[in-house]
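Here's the structure, in structure tokens; my notes come after.
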Amino acid sequence: MTVTISRLYDSYSTAQDVVNDLEAAGLASQDISIVASNADNWYKTSKTGRKMTERVDTDHDGTDDRVEGAEAGAGIGAVVGGTAGLLAGLGVLAIPGIGPVVAAGWLAATALGAVAGGATGGLIGALTQAGVSKEEAPVYAEGLRRGGAMVTARVPDGERSRYEAILNRAAVDIRERGETYRKSGWTGFDENGRPYSADDIRKERAAYPPSPRL
């Protein structure tokens with residue numbers, strides 16, 4: 001039996017460290033997913049120079065190869081981005097209400113599939129299906145919109161404590177962050193809302209202590 005654990009972080013670098021630590025602890029790459037804001041365009045292209053927002057359909061079956069690859073556990077962008085570990089398969093996609101994100105893994109594949117099919121709410125739907133409560137899923141989505149990064153892991157129930165300890169390092173207290181958002185007038189994640197700009201995100205990040213490197 002496996003359980004799914006999700007955590008939010010204020011920076012991609014912290015989430016990256018968490019992914020590396022999870023893999024080093026023995027968790028398979030196909031059981032990890034990362035989604036991080038790319039509103040400041042820090043991640044631009046794949047290692048081959050191809051823009052990850054372009055359609056990739058090398059087998060001409062009508063489905064973006066990044067969707068197929070991610071569904072197989074390879075990670076979005078792995079078709080053009082390398083094969084070593086989850087982070088080698090990073091790619092860029094746009095999520096309604098959030099804007100551009102860098103993502104890889106099984107949860108990201110679900111969101112990309114929804115976007116490719118013209119659906120909205122792919123991320124929140126994927127989160128709730130993965131076990132995140134309906135109350136907390138919008139906070140995760142809003143955290144991404146405001147420049148954060150999310151790591152989700154499927155772990156054996158008997159090893160939950162060990163992997164949860166890794167995921168908890170430098171993670172945002174999701175309930176506390178939701179209260180902070182609500183105190184500022186936020187009433188819920190809006191799929192039709194304006195994504196944050198790079199300037200908006202810089203201001204948002206300045207409101208919280210810098211995330212430590214692990």
For ASN168 and TRP42 in the same chain, what is the full-extension length gain: residue separation times 0.36 nm, less their Cα-Cα distance, in nm? 42.9 nm
List the residues, sorted by chain then number, that are 5 or more residues from VAL3 or on another chain and whose placed amide H is less than 5 Å from its amide H. VAL155, ASP157
Extension reserve of the ASP21-ASP199 stretch, reckoned as 0.36 nm per residue once the Cα distance is removed: 61.0 nm
Roughly what would the spin-label model give for GLN129 and VAL3, points 7 Å off Cα along C-beta, in nm? 2.3 nm
Residue-ordered couplings for the range 139-145, obtained by feeding phi - 60° into the Karplus form 6.51 cos²θ - 1.76 cosθ + 1.60 and rounding to whole Hz (Gly and Pro as x), are 5, 4, 4, 5, x, 5, 4
Mind jotting down the distance between the C-alpha centroids of the range 126-162 and the range 178-192, whole Å? 17 Å
Quick one: 3J(HN,Hα) in Hz for the range 6-12, Karplus 6.51/-1.76/1.60 with θ = phi - 60°, rounded, Gly and Pro as x. 10, 9, 10, 10, 7, 8, 5
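Values in this text are rule-based calculations from the coordinates and carry no lab data. Fair warning: this is a prediction, and the values are worked out from it, not measured in the lab. Quick reminder, even Gly has a Cβ in these numbers, built from the backbone with ideal geometry, and neighbours come from all protein chains shown.
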